[in-house]
Structure formats: C-alpha cells, structure tokens
Amino acid sequence: MNPIVVIPARLASIRLPNKPLADIAGKPMIVHMLERGLEAGIGPVAVACGDASIADAIRQAGGRAVLTDPNLPSGSDRVHAALAVLDPNGRHDVVVNLQGDVPTLPPHWLKAIVAPLADPAFDISTVVVPIQSDEEANTASFVKAACAFQDGTDVAPALYFSRMPIPWGEGPRWHHVGIYAFRRAALDRFVALPPSPLERREGLEQLRALEAGMRIACVRLEHGLFGVDTPEDLERARKILTPKGTLA
C-alpha cells in the first residue's frame, strides 16, 4: 500500500467560528493536525482547504494545501477533489481522510487504520473505541458501531452505524470515531453515489457505503478521542498540548 493523508478543513462552524484557525499553543489547530499526520510517518500529508485563509496558514507552516470548492457537501468530497490535484495519476492507492479538529490524536492511530486494507475483503477502514457508560450510549452525538471482535483480534466488519445505543443486550459497545482510510477506488465510488436512504435518516454518511455493499473494517483502539467543537473543547486541548505543540 502507498497511503496519502488528506485533512479536509473549512471555516464554517456554528459552535466554534473559524475553528481550524483557533490558536492552540501558538499554532492554528489545522497546523497541529498537519503535524499529527506527518508524525504518523505513513505517507505525504496535505490539507484540502475550503477557504484561502486555511491554505495560507498551512503554507506558512511549510505544508501542502489545496483549495477546494467551499460548497462541497462533505469532507470526503473535499478529500476527493484535492486528490485530483495532489495525485492525478493515482500513485497513492489508499487515502486517509483525517478530521481537522482532533489535535490530540495519537499518531500511531493512522498506522492502525491503514493496516486492515491489506485485506482485499475491505474497502474502507475506520476506528472504534469502547463506550464507557450508558450516558454515552444514549447520547446521539456519540455514533455507535455494531461490530463484534473475535478473541485476540482488533479488526471486525462493521454491520451498522447508528445514533441509537446498538447492539441490544449485554456486551461491549463501540463508539465510532470518524477517521477513515479508503481504497482509492472505493473513495471514487463513494463520492459518486447519491446520499442513501439510511444515510439521510441517521445523518451518517458511512451508511451510504454499507448500503452500496461496500465493506468497512472497524479497528478497535484503547481509548477515546475528543474533537474540538466548542470553546470548552478548545480550552481542554490547550491544556493538553504543550507550548511546543506536542502532546503533554
């Protein structure tokens, strides 16, 4: 496999305006994300920017930025558009779609998410972490994955995703973290598909892939990861990251 990491980013955020440019330890948050991607060491990293100011911040930090149509409907569409500029000949056969608002991301996560695509049975891979409480399980913003891991394995096929607390009954429950690795052909197919009925119903784009018969691998990792969505989240990230921008 020959991966590339692409981070979609745009300024439109209702709860935290100009979120990608929010200062954390002296750097814009999107620059921290660029650094987390580079620290993983799995391949080149670029930012798919919906706004010129984000591209300016990345270029000032020495990174690669691609301006994309600000009206694209999703991060996956933004990543796909940027790839047409970054790699028009398709040299990279796997692309990691990395969220732009998880600056405390452990870099080894990106290696873990790419690994399942060595199995040709999977088209896409993503991350799940244990749900710690009934409150989390019943919170709609915590997306749940229905998957079951055999003893000694850390990869399982996704059967469904929901905002409801699935599956029913006793046993572990899994919180889906929206970081994806796509086979290049799978991403091409995914963005060409119209939104699916269950995707529209749950508000979860990964259901489009499942409804189209694509197979998603879930990689279980040891702990949760918080995204920066509110001013309170931003302050939490500032406390975790050192003045040099590395994890404390």
Item to check | Hits in the range 155-193 (condition: within 22 Å of Gln99 (Cα to Cα), not in a strand (DSSP E or B) and not hydrophobic (A, V, I, L, M, F, W, C)) | outcome: Arg163, Arg184, Asp188, Arg189
Checklist entry - When you scan the range 1-60, how many residues do you find that are out of contact with any Lys or Arg (no Cβ under 6 Å at 6 or more places or on another chain) and either assigned to a strand (DSSP E or B) or of a type in the set (Lys, Arg) (or both)? => result 17
Checklist outcome for this item: When Ala140 is run through (1) of a type in the set (A, V, I, L, M); (2) at pLDDT below 95; (3) more than 20 Å from Val79 (Cβ to Cβ); (4) in contact with a strand residue (DSSP E or B) (Cβ under 6 Å, 6 or more places away or on another chain), the failure sits at (4)
Next on the checklist: I'd like to check something: does the range 95-105 contain any residue that is more than 22 Å from Arg10 (Cα to Cα) and of a type outside the set (Gly, Ala, Ser)?
Outcome noted: no
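Conditions tested, residue by residue: (1) closer than 24 Å to Pro3 by Cβ; (2) free of Cβ contacts under 8 Å to residues at least 40 places away in the same chain; (3) not hydroxyl-bearing (Ser, Thr, Tyr).
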{"position": "Ala140", "(1), (2), (3)": "no, yes, yes"}
{"position": "Ala148", "(1), (2), (3)": "no, yes, yes"}
{"position": "Pro165", "(1), (2), (3)": "no, yes, yes"}
{"position": "Arg173", "(1), (2), (3)": "no, no, yes"}
{"position": "Tyr180", "(1), (2), (3)": "yes, no, no"}
{"position": "Leu225", "(1), (2), (3)": "yes, no, yes"}
{"position": "Leu241", "(1), (2), (3)": "no, no, yes"}
Checklist entry - Which residues, counting only those in the range 208-221, are of a type in the set (A, V, I, L, M, F, W, C), under 14 Å from Ser162 (Cβ atoms) and surrounded by fewer than 22 Cβ atoms within 10 Å (Cβ to Cβ)? => result Leu210
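The values are calculated or read from the model by the stated rules, or taken from the named source; none is laboratory data. This structure is a prediction, so every number in the text was calculated from the model and none was measured. With ideal geometry, Cβ positions are generated from the backbone for all residues, glycine too; neighbour counts draw on all protein chains shown.
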